[in-house]
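*Asks:* Quick one: the structure is below, questions incoming.
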Amino acid sequence: MDAATTVLPFRVDFDLKTGLSGARPTIRRHLSQMKGMYADQEAYEAMLREGDPLVYEFYELGLPETPAHISFGCSIVYPGKVGDEYFMTKGHFHTILDTAEVYYCLTGQGLMLMENPEGDVYAEEFRPGNAVYVPGRFAHRSINTGTETMVTFYAFRSDAGHDYGTIEQKGFRKIAVERGGVPVLADNPRWNE
Ligand code: ZN
């Protein structure tokens, strides 16, 4: 066995409300790092003038990126909106496109928005106790539609990789916005082929 990818059995504390405790955040994204991701650019710029809130972060354990391993950790999306569009992760395809992922909602409420290159769009609800399965080939984005922090546990094949570029250029076909106090999906006015 390759010594560089040998991992011995281990255990880690996983709080059912706050997620992975004791680990360092792998990624923290503030609003300023999400330029161009929200449909309402004016609302985005106005919000940034008031401050630069933390939108989401995730925690991962840094397991070797080989098909033999399963990467897992937690994703935390904070509550908030840009205009009427809810706080969300950038979203990504996997670099190895046909690799799946599973998410389990620990706390909070929201949506997992998914779309494949052919344009099929699905949204599944996150509530504590729900698991959402993201099949291979689907870009996925976590969206917090509630008023509390939303925490999910995730696991995927460790070498899957993250392709953010496609979404940064094109966005998702749909966006999640508040209409009359409830979340709905709307066409993304900034989506382009
Ligand atoms: Zn993923």
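*Asks:* Determine whether region 15-24 contains at least one residue that is within 21 Å of Ala131 (Cα to Cα) and in contact with a Gly (Cβ under 6 Å, 6 or more places away or on another chain).
*Replies:* Yes - at least one qualifying residue is present in region 15-24.
*Asks:* For region 157-166, indicate whether the set of residues that are more than 27 Å from Asn192 (Cβ to Cβ) and in contact with a His (Cβ under 7 Å, 6 or more places away or on another chain) is non-empty.
*Replies:* Within region 157-166, one or more residues are more than 27 Å from Asn192 (Cβ to Cβ) and in contact with a His (Cβ under 7 Å, 6 or more places away or on another chain).
*Asks:* Now for a different question. Within region 160-182, track down each residue that is away from the ligand (no atom under 16 Å from the Cβ) and surrounded by 14 or more Cβ atoms within 10 Å (Cβ to Cβ).
*Replies:* Residues satisfying the conditions are Lys170, Gly171, Arg173, Lys174, Ile175, Ala176, Val177, Glu178.
*Asks:* Which of the residues belonging to region 3-12 are without any contact (Cβ under 8 Å) to a residue 60 or more places away in the chain and open to solvent by less than 60 Å² (accessible area, probe 1.4 Å)?
*Replies:* Within region 3-12, just Val12 meets the criteria.
*Asks:* Only residues that are touching a strand residue (DSSP E or B) at 6+ places or on another chain (Cβ under 7 Å), of a type outside the set (S, T, N, Q) and open to solvent by less than 100 Å² (accessible area, probe 1.4 Å): list them for region 13-36, please.
*Replies:* The answer is Phe14, Gly19, Leu20, Ala23, Pro25, Ile27, Arg29, His30, Leu31, Met34.
*Asks:* Of the numbered conditions (1) open to solvent by 70 Å² or more (accessible area, probe 1.4 Å); (2) touching a Gly at 6+ places or on another chain (Cβ under 9 Å), Ser75 satisfies every one except a single condition; which is it?
*Replies:* Answer for Ser75: the failing condition is (1).
*Asks:* Right, another one. Any residue in region 72-81 that is assigned to a loop (DSSP other than H, G, I, E, B) and under 13 Å from the mean Cα position of the chain (by Cα)?
*Replies:* Scanning region 72-81 turns up at least one residue that is assigned to a loop (DSSP other than H, G, I, E, B) and under 13 Å from the mean Cα position of the chain (by Cα).
*Asks:* Would you say Leu61 is more than 11 Å from the chain's Cα centre (by Cα) and touching a residue at least 12 places away in the same chain (Cβ under 8 Å)?
*Replies:* Here the answer is yes, as Leu61 does meet what is asked.
*Asks:* Criterion first (surrounded by fewer than 19 Cβ atoms within 10 Å (Cβ to Cβ), modelled with pLDDT under 95 and over 18 Å from Ala176 (Cβ atoms)) does Glu60 satisfy it?
*Replies:* So Glu60 fits the description; yes.
*Asks:* Looking at (1) open to solvent by less than 60 Å² (accessible area, probe 1.4 Å); (2) under 27 Å from Leu185 (Cα atoms); (3) in contact (Cβ under 8 Å) with a residue 12 or more places away in the chain, which one does Ala46 not meet, given that it meets all the others?
*Replies:* Single failed check for Ala46: (3).
*Asks:* If you don't mind, another one. Those residues that are assigned to a loop (DSSP other than H, G, I, E, B), more than 15 Å from the ligand (Cβ to nearest atom) and surrounded by 17 or more Cβ atoms within 10 Å (Cβ to Cβ), I need them from region 85-142; list them, please.
*Replies:* Result: Phe87, Gly108, Gln109.
*Asks:* Among the residues of region 148-159, write down those that are of a type in the set (A, V, I, L, M) and within 12 Å of the ligand (Cβ to nearest atom).
*Replies:* Ala155
The values are calculated or read from the model by the stated rules, or taken from the named source; none is laboratory data. As the structure is a prediction and not an experimental result, all values here were calculated from the model. Quick reminder, even Gly has a Cβ in these numbers, built from the backbone with ideal geometry, and neighbours come from all protein chains shown. Ligands, DNA and RNA are excluded from the accessible area calculation, which covers all protein heavy atoms including side chains. Shrake-Rupley method; radii C 1.70, N 1.55, O 1.52, S 1.80 Å.
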